[in-house]
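Everything on this sheet refers to the single structure shown next.
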Amino acid sequence: MDALDSRLLHYGDCFAQQFPSTGDLSYWVSRTGASTPRPDRELASIKVVAPQAGEEHRQHDVTVQLDGDQLGVDHTSKLRIAAGDVVVWHAADASVGYFAVSGHGSNFAFDSRALTAGSLYTHAFAEVGSYAWSDPGHGHLRGRITVRAPEASNDDPIGQWFAQLCEAAIVSVRARSADPPELEIVQGQAVAWIIEEGHGISITEAGPTLEVN
Amino acid sequence: MANDIVVAADETAATRILHDAEKTLVVPTQAGSASLAGYNTSWSLSVNFTDGDVSLTPPDVIRLANVQLHYSITLSIPIDLNAFLPPICPPPVCFPVPFVGLICVPLPCITWPTINVPVSISDTASFSADFALTTKLVSGVWQVEVAIVRIPKIDLGPAANAVIAALGPAVAGALAPIPLAGIAVPFILASISTAAVTGLLGTILAPLLSNLKFTIYKQPQQFQILGAAGAIDPAVFITLLDVEAAVQASDKNELVLSVDI
């Protein structure tokens with residue numbers, strides 16, 4: 001569960017994308033993140049309509065699941081959303097394996113392997129440890145997540161732990177910087193990397209790095 | 001026809017012979033796996049024997065009483081914690097996102113690992129059993145052995161209690177690195193009864209004891225009676241054509257070796 005890599009989503013990860021403008025989009029969920037769909041695969045689709053006056057942005061959840069041995073989603077018809085709404089994709093369970101989400105319309109494209117402004121990636125950390133992360137395509141974008149074990153010293157350790165899991169741990173990504181660069185969380189907690197500026201960003205566990213000045 | 005050589009040992013001498021035979025018996029460490037209360041448990045066992053009193057019963061039974069079986073057993077018990085703890089499924093977590101407001105995402109359920117609980121005990125048990133005399137010629141060496149007639153009854157209760165006593169700290173130690181899993185300790189301990197441990201120990205020891213034999217006499221068939229005294233005076237050997245062992249009653253019961261040369 002702890003493969004930290006936004007290019008390879010799996011159970012415990014979420015990818016969310018805001019759709020800022022109206023139009024029709026096709027998208028697919030693939031194991032390898034192939035850029036073109038197989039001709040025999042039925043694509044999923046999203047219709048983005050103009051929002052009603054005063055309407056607040058909404059979240060639309062899509063579950064990625066196995067249909068036989070193929071990846072599929074839990075909506076069979078065209079997903080209808082308003083401009084400014086967010087669609088959140090996540091795996092139903094561990095049997096889904098690794099996947100990527102990508103799609104395009106006449107005036108908008110998105111890809112979970114290359115995050116852009118208006119998207120976010122979440123990852124739940126199941127193992128205690130220290131995780132250095134970076135964007136392989138943008139050397140200055142990096143940080144560290146420290147995961148500690150939950151404390152079991154009071155009368156309600158499960159309740160205390162759940163309360164900690166509900167705390168939002170956020171890394172705001174603005175082009176080349178991450179805020180905060182270092183974050184400490186409890187085991188099982190999820191971190192959300194919110195892409196506020198930039199494009200083509202991916203979040204991966206860092207290997208040995210070469211400092212470039 | 002009368003035997004050429006006859007050697008006899010009374011029960012006192014036979015006891016000393018047995019004790020010497022116990023010292024020379026080397027039992028390789030045994031290993032395997034067996035069920036302990038449904039857990040497929042790996043085990044290793046080392047043993048040695050000491051003491052015991054010999055009583056001789058014609059024509060060929062040697063009863064060994066109160067033989068001390070010294071053993072060390074190491075168990076590795078695999079326990080799937082998911083059998084004792086429910087998966088932890090946290091509620092969704094919500095993130096304030098500048099461009100849209102609050103986004104809530106599900107968190108995965110956390111399942112528990114399988115742990116291996118190591119338990120080691122060393123103890124001594126005593127047993128009494130009848131052994132039968134056998135003689136055989138193996139690769140030019142006469143061997144007289146006493147082989148156990150049937151598996152003796154051994155009280156494994158104290159050993160089982162020792163395992164149960166060791167199990168508590170062992171389970172607690174195995175769970176210590178896993179946050180919040182310590183609540184499973186009493187449930188795990190309750191799943192393993194003394195009777196289950198006794199059954200496992202019996203399963204481990206029975207094959208070893210069913211094949212138990214001590215070699216009480218060994219002699220090359222070519223028996224040297226005189227050493228060499230020079231280049232033209234070589235060593236002198238006689239051939240032991242036949243060796244028989246039995247228990248004979250005279251004024252007292254004796255272990256008798258009869259040899260034809």
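For this structure, a couple of remarks:
- Solvent accessible area, Å² - A:ARG113, 1.4 Å probe, full protein context: 70
- Computed over all pairs of different Cα atoms, the Kirkwood value for the hydrodynamic radius of segment B:1-41 is 14.7 Å.
- The long axis of helix B:194-210 is offset from the longest Cα principal axis of chain B by roughly 30 degrees.
- Evaluated on segment B:15-109, the Kirkwood hydrodynamic radius is 19.6 Å, with distances taken between all distinct Cα atoms.
- Length-normalised contact order for chain A - Cα pairs under 8 Å, 6+ apart - percent: 25
- Cut-off under 5 Å, modelled amide H: who pairs with A:VAL64 long-range: A:HIS90, A:ALA91, A:ALA92
- Local net charge near B:HIS70, Cβ-Cβ under 14 Å (Lys/Arg +1, Asp/Glu -1): -2
- For q = 0.06, 0.13 Å⁻¹, Debye-computed log10 I/I(0) when each Cα of the protein assembly as shown counts as one equal scatterer: -0.53, -1.15
- Helix axis angle, B:157-175 relative to chain B longest principal axis, alpha carbon, degrees: 40
- When nucleic acids and ligands are ignored and a 1.4 Å probe is applied, A:GLU151 ends up with an accessible area of around 100 Å².
- Here A:LYS78 is the anchor, and the aspartates and glutamates within straight C-alpha reach of less than 16 Å, apart from those fewer than 8 places off in the same chain, are A:ASP24, A:GLU42, A:ASP61.
- Angle of helix B:11-24 to the longest C-alpha principal axis of chain B, folded into 0 to 90 degrees and rounded to 10: 50°.
- Prolate/oblate/rounded label for segment B:133-193 (Cα gyration tensor, a/c 1.5): prolate
- Listed residues A:SER112, B:SER44 arranged by accessible area, highest first, probe 1.4 Å: B:SER44, A:SER112
- Between B:ILE77, B:ILE188, B:ILE225, the Gaussian network model of chain B with springs among Cα atoms under 10 angstrom shows the greatest mean-square fluctuation at B:ILE225.
- Cα-based Rg / Dmax (Å) for chain B: 29.9, 113
- Ranking of B:SER250, A:SER177 by solvent-accessible surface, largest first: B:SER250, A:SER177 (1.4 Å probe, protein heavy atoms only, all chains present).
- Here is the P(r) of segment B:165-261: all C-alpha pair distances, binned every 10 Å from 0, give 11, 19, 16, 13, 11, 12, 12, 5, 1 in whole percents.
- Computed with a 1.4 Å probe on the full set of protein chains, the accessible area for B:VAL54 sits at about 20 Å².
- Test item: A:88-96 mean partner chain Cβ contacts at 10 Å: 2
- Net charge dipole size for segment B:31-144 [Lys, Arg +1 and Asp, Glu -1 on Cβ; Debye, nearest 20]: 300
- Within straight-line reach of B:LYS136, meaning a Cα separation under 24 Å, sit the following lysines at least 8 residues removed in sequence or on another chain: B:LYS23, B:LYS213, B:LYS218.
- Going by accessible surface with a 1.4 Å probe and the largest first, B:PHE223, B:PHE237 read B:PHE237, B:PHE223.
- Phi angles of segment A:101-110 translate, via the Karplus equation with coefficients 6.51, -1.76, 1.60 and θ = phi - 60°, into HN-Hα couplings of 10, 8, x, 7, x, 6, 10, 7, 9, 8 Hz per residue; Gly and Pro are given as x.
- Kirkwood Rh, Cα atoms: Rg over Rh of chain A: 0.99
The values are calculated or read from the model by the stated rules, or taken from the named source; none is laboratory data. Since we're looking at a predicted model, the values are computed, not measured. FYI the Cβ positions are ideal-geometry reconstructions off the backbone, even for glycines, and counts take in every protein chain you see. Each accessible area value is taken on the protein alone, full model and side chains, heavy atoms only, with ligands, DNA and RNA left out. Shrake-Rupley method; radii C 1.70, N 1.55, O 1.52, S 1.80 Å.
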